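Please see the structure below; I have some questions.
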Amino acid sequence: MSGRPTDLVALAITVAAAIRLSMLGTVVIGIASAERLRHFMSSLDRSMNKIGLGKSAAGATAGMAPGFMVALLSLTLGFALSTAIRTLPAIGADMLIRDLRVTPQGLAALVGVFPLAFAIGLLPVGAALDRYGVRPVAVVLVAIITVGAGLAAIAQGSAGMLLAQIVLGLGCSGVLVAPLTFASRSVGPTQFGLWSGLILALGNSGMLLSASPMAWLMEHAGWRAGYWAAACFGLLTLLLIWLLVPRGTGRAANELMPARSLLADARDTVALALSARLRWLSALAFTNFAAQIGLRGLWGGPWLMEAKGFSRLEAGNALLVFTVALVIGPLVVGMLDRRFGHTGPVCAVGHLMAAAIMVLMVAGGPSGLLSGVVGLPALPGWWDVLMLTLFGIVYGITTLLFPLASSAVEKSQTGQAMAAVNLVNFFGTAVLQTASGSVAERQGPGAAIEFLAAAIVIGAIVYLLSLRNRRGNANMSLST
C-alpha cells in the first residue's frame, strides 16, 4: 500500500496529459485547415446571430474578429483552471489538515492567503491589460499558475503551502479579467451582460473537476495528485492561449499609453474602486465571492461530511451538483438581464436570496431550526443538495457586477474597472474567509456558513441604500 499513491499519481498525470494532448491535437488539426475553420466560424456566426450574440446583433461591434469565439474560449480556460485549483481544499480539507499538520483555523488562514495574493496581483493587471493587450498578460498569468500548482503538489508543511497559495493567487488574479476585457472590447454594451455570463459559466465548469472526479482521485492517490493534474491543465491552457489568441488583441483604444510604474497603476486601480463611480458596487463586491468560495471551496465539504454524515465521495457528488448549478446560474441570469434590465436592484436582491438559502441549509442540520420544526435530528441529505443547487443558480447574479462596472467607466478603462471590482471581491474574500475560519474553529462549519451569509446581507443592504439615495438625488436634480 505504501507505493500505491505514487503509482496512482503517475498514472493520473499520464492519463491527464494524454487526454489534454489529444484534445490539443484535435484543435491544432482543425486550425491547420483554414477552409474548415472558416466554415465552422461562419456556421457559428449564423447560430449566434439567431440568438442575438453575433456580429449583426444590435449593439455588437461591427469589427468582431472571425476567431473571436476560439480566442475567448482559450482565455476562459485560464479562468476554469483558476476555479478548479482554488476549490481543491474543499474536498480534501481533512487530508490537508493531517499532512500539513495544521488546525482547521490554520488551514483557513493558509487558504485565505490565496485571495489576498489574488487581490494584490490584480492591482497592476487591469492597467497591464489596457496597455499591453490580453495575450501577453494571460500567458504570464497562466505560467505562474502552473508553477504554483507544482509548488502546492510538493509542499511538505504549512510554509510550503503558504508559498504555493501566494504564487497561485498572483497567477489567478487576472484570468477572469482577461476574457472579460477581451469580450467587452469585441461586443457592444447591450451584449456584454450575456457574454460575461457565458464566461463565468464556462469558467465555473472548472469546479466540476474539483468535485466528484477530484474526490475519487484524492481518495485513491491523495491531495497532491489534484495539484499535479492542475499543473498539466495549466500547460495545455498556456499553449492554447499562445496559439489561438491573436497578438495585440484587447488593447485599449489609446494604445500609446504612457509607461508608468506598477505602483502608479496599482494606485489608480484602488482609486477607481473607491471612486464615486464604483464605491457602492465595491461594497457589494466585498462580500460577493467570499460566500461562493467559502461554500464551494472551503466549508461546503466539511459541512456535508461532519454535520450530515456524507462520505467523501458522496460529498464530492453533492458538490458536483452544486457546481453544475454554478455553471448554469450565470447563463440564466445573463439572459434574463438582457431581456428585463434593472441590473442594479436585481443584483442586490439576488444576493439577499442567496444568503437566505445558506441560512436555510444550516437550519436543516443537527439541532437546526427547521430540523426541530419537523421533529427530526436533521433533515435528510437531499435538503442540502437542494439548497446548494438553488444557491448555485441564484448566485449567477454575481455576473451582473461586471456589466455594472463596465457601464460606469470609459471604454479605455474597462480592464482597470474589471480589475478594481475583482480586487475588492478577493480582498473581501481574504478577510471574510479568514474570519470564517475563526468561527468554524469555535462553532463548526455551519456557523462559518451563517457568518458568510450575514456578510452578504450587509453588503446587499448597503448597495440597495446607495441605489435609493442616488435615485433620490437624481429626482431632486430634475425638480430644480
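The values are calculated or read from the model by the stated rules, or taken from the named source; none is laboratory data. All figures in this text were calculated on a predicted structure; none of them were measured in a lab. With ideal geometry, Cβ positions are generated from the backbone for all residues, glycine too; neighbour counts draw on all protein chains shown.
I'd like to know if the range 116-134 contains one or more residues that are at pLDDT 85 or above, of a type in the set (Asp, Glu) and at negative phi.
Scanning the range 116-134, I find no residue that is at pLDDT 85 or above, of a type in the set (Asp, Glu) and at negative phi, so the answer is no.
Restricting to the range 402-437, and then to whatever is part of a helix (DSSP H, G or I) and β-branched (Val, Ile, Thr), can you tell me which residue is modelled with the lowest pLDDT?
Among those that are part of a helix (DSSP H, G or I) and β-branched (Val, Ile, Thr), it is Thr414.
Anything in the range 130-145 that is surrounded by 22 or more Cβ atoms within 10 Å (Cβ to Cβ) and touching a residue at least 60 places away in the same chain (Cβ under 8 Å)? List them, or say none.
Answer for the range 130-145, where residues must be surrounded by 22 or more Cβ atoms within 10 Å (Cβ to Cβ) and touching a residue at least 60 places away in the same chain (Cβ under 8 Å): Asp130, Gly133, Val134, Arg135, Ala138, Leu141, Val142, Ile145.
Quick check: anything in the range 208-229 on the phi < 0 side of the Ramachandran plot and assigned to a loop (DSSP other than H, G, I, E, B)? Give the derivation first.
Here is the first cut: in the range 208-229, the ones on the phi < 0 side of the Ramachandran plot are 208-221, 223-229.
Subset that is assigned to a loop (DSSP other than H, G, I, E, B): 210-211.
Checking the range 208-229: at least one residue is on the phi < 0 side of the Ramachandran plot and assigned to a loop (DSSP other than H, G, I, E, B).
Also, quick follow-up: In the list Val362, Val324, Val333, which residue meets the criterion of being surrounded by fewer than 19 Cβ atoms within 10 Å (Cβ to Cβ), at pLDDT 80 or above and not basic (Lys, Arg)?
Exactly one of Val362, Val324, Val333 is surrounded by fewer than 19 Cβ atoms within 10 Å (Cβ to Cβ), at pLDDT 80 or above and not basic (Lys, Arg), namely Val324.
Given (1) in a helix (DSSP H, G or I); (2) surrounded by fewer than 24 Cβ atoms within 10 Å (Cβ to Cβ), identify the lone condition not met by Gln156.
So Gln156 meets the others, but not (1).
Looking only at the range 287-302, decide whether some residue is surrounded by fewer than 24 Cβ atoms within 10 Å (Cβ to Cβ) and among the small types (Gly, Ala, Ser).
Checking the range 287-302: not a single residue is surrounded by fewer than 24 Cβ atoms within 10 Å (Cβ to Cβ) and among the small types (Gly, Ala, Ser).
For the range 270-279, does any single residue satisfy the condition of being modelled with pLDDT of 75 or more, in a helix (DSSP H, G or I) and crowded, with 19+ Cβ neighbours inside 10 Å?
Within the range 270-279 (the criterion being modelled with pLDDT of 75 or more, in a helix (DSSP H, G or I) and crowded, with 19+ Cβ neighbours inside 10 Å), the answer is yes, since at least one residue qualifies.
Among (1) surrounded by fewer than 24 Cβ atoms within 10 Å (Cβ to Cβ); (2) closer than 26 Å to Met418 by Cβ, which single condition is Leu162 missing?
(2)
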